[in-house]
Amino acid sequence: MISPRRSYRSELVALAAALLVACAALTWAISVGAVAFPFGAVLAQVVHPDLSTQAGRILWEIRIPRVAIASLVGASLGLAGMLLQTMLRNPLVDPYLTGTSAGAACAIAIGIAAGVASAALPLLAFVAALATALIVAALARTGTGISHERLILAGISLSALFAGVVTLVILLSPRASTSLSILAWLGGSLAGRGWSDARVASIYAAIGVALALALAPMLNGLRFGEARARALGVDVDRVQWGVVGAASLLTAAAVSVSGIVGFVGLIVPHVTRRFVGNDARLTLVTSMILGAVLVVLADTIARSIDPPLELPLGVLLSMFGVPIFIYLSFRRRAA
Amino acid sequence: MIAIDAVALAYGGCRILEDVTFTVRAGDVLAIVGPNGAGKSTLLRAIAGAQPLDAGRITFEGRPIAAFAPQERSRNVALIEAEGAPPEGLLVEDVVAAGRLPHRPWWRWSSSEGDRRAVDRAIARTGLAPLRNRPFAELSSGERQRVWIAMAVAQDARAFLLDEPTSHLDIKHTFETLALARRLAHEDGGAVVVVLHDLNVAAAFADRIALLGERTLLACDTAAVVFDEALLARVYGIPIAVRHEPNGAVLAFAVPPSRVVS
């Protein structure tokens, strides 16, 4: 009896579907706004950019950079969540595990209170996020590897510490505007972001993505547990450092441009696994696509519910995303 | 193929084995037996290069096993540890295919024609063809053990190190698993080292038996030689009787306190 070899047809169909959905979401997001553009106009500008027209300027200087940054943030958070959940074999982990968001929030709160120029804030957030991740990783180090429990404990402890500092700064700041600026950053937003923000963040995100994809085959070995992975020639220590490094870089890049956008890094890996199973080669790529879709859609809704006012992106994701996620995850039990 | 030379091993800062010397030949099945805590699994992991040595050296075809790069080591030596948590959402074929990981440079994502042939060969060799497309999580313990062995075969390893492969298996699956291990040695020319608890199973399936106890290697020979009533009784701390059957089989069993063995 000869059984057929495994085919990845259904997984590849799911991946293609995710790509199609991503294209549709991006196109919709670009066309929606104070001035609505028909699909044809969007397509024409994308194929032949013409900055001498008003449409060209709106699309290329406002809409497209904004959608590009939303994609970057979503893809980074989705991938970072996927990496950490895969390595720790724990579906409750999110990319802020390594303390990146709390560290960045702390630096931003102190920075805003101290009157640091707003142009310098993204860099400040990025450096603080990475520094926190480094401290957490150093605390979690055992021998040549990383202890999972210590990583989670160190991340949670440091996050709690920094959250306390943020609250203190908000309470002690003499001016209400300072507190509001800090709160707005904590709520997450892409308002006013342009190409210059995208450029810096995308360099770090690209390094993170490259590192993550290089780890994919070895992450597949880790599905059998650390001992078996080692028996398959996987350098487990190196994978762990690579995952923590890539996830921290990706999260820091995202946090630096968007503030704290929660929930994406938690839900996207779950949805991804439902679509394409748990082959890291597929999940890493798909989590980027789905993360980008989720944040692009959320950001578009955030800026079009009550224009020109914008809802905080992170708040919107929690308020609408969480109920939908709970419905999707728990309806099976009723069936 | 594998030479263990004056090896000492420590576990948690405490020496558990000293002065262990023996060799494993290609085409041979060697069983490691001994009381709980004698260091059987630790020794097996040391042979696989997964456990640092406190003293002595272990060589694979003349080269110290510690000098192998991780992937290179896995291309030569397959360590099959006792069952852990099963991987979720994988088919039998996916698990076997993971055995090709050590043959793949990090930048190559997909399996080559050689990889696919090796997986087909491993599945055929272990009789897994009917289970090939079944989810791994649905298999019984005996079937899972066969899949782990198939993974090792797909590795193209020349030494197979099995840690208590029969601990949860009934008598039929024990037989099948160890018969497969014997074929890997006797027909395919591999070196097989298997940690076993059951002395009689070891005697039935292994060509040679290494008895660990009293923090060292006490004997390494055929069952007929190693199974000495006085030696076994000393090592296990209970009265043990040994029978030599006319067909050459050797049996060892504990003597219950109330029974007199003639």
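Legend: ranking of residues A:Val13, A:Val200, A:Val264, A:Val243 from fewest to most surrounding C-beta atoms inside 10 Å; resulting order A:Val13, A:Val200, A:Val243, A:Val264.
Treating each Cα of chain A as an identical point scatterer and summing with the Debye formula, the log10 of I(q)/I(0) at q = 0.07, 0.09 Å⁻¹ comes to -0.30, -0.49. Across the range A:256-265, in residue order, what do the Karplus-derived ³J(HN,Hα) couplings come to in whole Hz, using 6.51 cos²θ - 1.76 cosθ + 1.60 with θ = phi - 60° and x for Gly and Pro? Each residue of the range A:256-265 in turn: 5, 9, 10, x, 8, 10, x, 6, 4, x Hz.
Of B:Leu79, A:Leu282, how do they rank once you tally other Cβ atoms within 10 Å and put the fewest first?
On the way: B:Leu79 26, A:Leu282 20.
Listed from fewest to most nearby Cβ atoms, that is A:Leu282, B:Leu79.
Simple point charges give the picture: +1 on the Cβ of Lys and Arg, -1 on the Cβ of Asp and Glu, and for chain A a dipole about the Cα centre of about 840 debye.
Mind checking the mean number of beta-carbon atoms from other chains within 10 Å of the Cβ atoms in A:230-243? Don't skip to the end; give the middle numbers.
On the way: counts 9, 21, 13, 14, 6, 4, 1, 0, 2, 0, 0, 0, 0, 0.
Going residue by residue through A:230-243 and averaging, the value is 5.
Under Stokes-Einstein, with the Kirkwood radius over Cα pairs as Rh, the value for chain B at 25 °C and 0.890 mPa s is 127 µm²/s. The translational diffusion coefficient of the range A:45-202, from Stokes-Einstein at 4 °C and 1.567 mPa s with a Kirkwood hydrodynamic radius over alpha carbon pairs, comes to 74 µm²/s. Dimensions of the protein assembly as shown based on its C-alpha atoms, expressed as ranges along the principal axes with the largest first, amount to 102, 57, 50 Å. When restricted to Cα atoms, the range A:200-335 yields an Rg and a Dmax of 17.2, 58 Å, respectively.
Going from the residue with the fewest nearby Cβ atoms within 10 Å to the one with the most, B:Ile65, A:Ile203 rank A:Ile203, B:Ile65. Computed from Cα atoms, the angle from the helix B:171-186 axis to the main principal axis of chain B rounds to 70 degrees. At R0 = 22 Å, how high is the FRET efficiency between B:Ala67 and B:Ala26 if r is their beta carbon distance? Nearest 0.05 is fine. For B:Ala67 and B:Ala26, the calculated efficiency is 0.65. Label-to-label distance, B:Ala6 versus B:Ala254, with points set 7 angstrom from Cα along the beta-carbon direction: 3.8 nm.
Remark: mean inter-chain Cβ contacts per residue of A:216-224 equal 5, using a 10 Å Cβ-Cβ cutoff to other protein chain atoms.
FRET efficiency for the pair B:Arg234 and A:Ser329, taken as 1/(1 + (r/R0)^6) with r the Cβ-Cβ distance and R0 = 60 Å, rounds to 0.50. A Cα-only calculation for the range B:57-141 places Rg and Dmax at 14.9, 43 Å.
In the range B:1-74, Rg over Rh equals 0.95, where Rg is the alpha-carbon radius of gyration and Rh the Kirkwood radius from pairwise Cα distances.
For chain A, the mean residue ellipticity at 222 nm estimated from helices alone is -24500 deg cm²/dmol, where every DSSP H run of n ≥ 4 contributes -39500 (n - 2.57) and the total is divided by all residues, rounded to the nearest 500.
By per-residue mean of other Cβ atoms within 10 Å, what is the highest-first order of B:214-222, A:105-113?
Values: B:214-222: 16.9, A:105-113: 23.2.
Output ranking for B:214-222, A:105-113: A:105-113, B:214-222.
What ranking, highest mean first, results for peptides A:212-220, B:124-132, A:66-74 when packing means the other Cβ atoms within 10 Å averaged over each residue?
Values: A:212-220: 22.1, B:124-132: 17.6, A:66-74: 26.7.
Per-residue Cβ counts within 10 Å, averaged per peptide and sorted highest first, yield A:66-74, A:212-220, B:124-132.
Listed highest first by mean packing, meaning other Cβ atoms within 10 Å per residue, what order do A:290-296, B:204-210 come in? Walk me through the numbers on the way to the answer.
Values: A:290-296: 28.1, B:204-210: 21.7.
Peptide ranking by packing, descending: A:290-296, B:204-210.
Secondary-structure-derived ellipticity at 222 nm for chain B, considering helices only, amounts to -9000 deg cm²/dmol, per-run term -39500 (n - 2.57) for DSSP H runs with n ≥ 4. Take every DSSP beta bridge whose two residues both sit in chain B; close to 60 percent of them are antiparallel. Between B:Trp109 and B:Asn200, the contour length at 0.36 nm per residue exceeds the Cα-Cα span by 28.2 nm.
Taking a point 7 angstrom from the Cα of B:Glu187 along the C-beta vector, which residues in the range B:109-129 have backbone N less than 15 Å away? Only B:121-129 fall inside the zone, counting backbone N under 15 Å.
Residue separation times 0.36 nm, minus the C-alpha to C-alpha distance between B:Arg215 and B:Ala241: what's the value?
Working: separation 26, 0.36 × 26 = 9.36 nm, distance 2.31 nm.
Full-extension gain reported as 7.1 nm.
Each of A:Trp241 and A:Ala210 was given a label point 7 Å from its Cα along the Cα-to-Cβ line. The distance between the two points is 1.8 nm.
FYI, it's all coordinate maths here, none of it is from the lab. Here the structure is a predicted model, which means the values were calculated and not measured. Reconstructed Cβ throughout: ideal geometry from the backbone, glycine too, with neighbour counts over all protein chains shown.
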